[in-house]
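Working notes for the structure below.
Just so you know, all these numbers are worked out from the coordinates, no wet-lab data involved. Since this is a predicted model, take the numbers as computed values, not measurements. In this analysis, Cβ positions are derived from the backbone assuming ideal geometry, glycine residues included, and neighbour counts consider all displayed protein chains.
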Amino acid sequence: MLLLQLNWYIDWLIAWSISLFLLYGIDKTQAKLNNWRVPELELHVLALIGGFIGGWLGMFIFRHKTKKPIFKVVLAISTLIGIVLFYFFVLQR
């Protein structure tokens, strides 16, 4: 019930962050097994639409995509966008 009491934007961030975190874990597992992979573009898009918290957590917990600078750049840009949107959608209520 907690999710229903929060602002819709916070719900959005939580949902996409959980999704991206899980995809980082799945992709890391698939990489170890030399199996199919989650497309990098998909990981970037999910970060940009609100999953950046899960992206950061997934990157460091799974130690995945840490050597590719573009992932840190996309996550940093996503985080800045997320902070601005948080200000407008949550703090300006």
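Scanning the stretch 69-93 for residues that are among the hydroxyl-bearing types (S, T, Y) and either surrounded by 12 or more Cβ atoms within 10 Å (Cβ to Cβ) or not in a helix (DSSP H, G or I) (or both) returns S78, T79.
Listed by first and then second residue, the pairs linking a residue in the stretch 55-66 that is without any contact (Cβ under 8 Å) to a residue 40 or more places away in the chain to a residue that is part of a loop (DSSP other than H, G, I, E, B) and surrounded by fewer than 17 Cβ atoms within 10 Å (Cβ to Cβ), with Cβ atoms under 8 Å apart and 6 or more places separating them unless they lie on different chains, are M59/T66; F60/T66.
With respect to the conditions (1) more than 17 Å from T29 (Cβ to Cβ); (2) among the aliphatic types (A, V, I, L, M); (3) in contact with a helix residue (DSSP H, G or I) (Cβ under 9 Å, 6 or more places away or on another chain), M59 lacks only one, and its number is (1).
So that you can scan it fast, the table gives a plain yes or no per residue for (1) hydroxyl-bearing (S, T, Y); (2) surrounded by fewer than 21 Cβ atoms within 10 Å (Cβ to Cβ); (3) more than 20 Å from F88 (Cβ to Cβ); (4) over 13 Å from the mean Cα position of the chain (by Cα):
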{"position": "I26", "(1), (2), (3), (4)": "no, yes, yes, yes"}
{"position": "Q30", "(1), (2), (3), (4)": "no, yes, yes, yes"}
{"position": "I49", "(1), (2), (3), (4)": "no, yes, no, no"}
{"position": "G58", "(1), (2), (3), (4)": "no, no, yes, no"}
{"position": "K67", "(1), (2), (3), (4)": "no, yes, yes, yes"}
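For the stretch 32-44, residues that are under 22 Å from I77 (Cβ atoms) and either in contact (Cβ under 8 Å) with a residue 24 or more places away in the chain or surrounded by fewer than 15 Cβ atoms within 10 Å (Cβ to Cβ) (or both) total 6.
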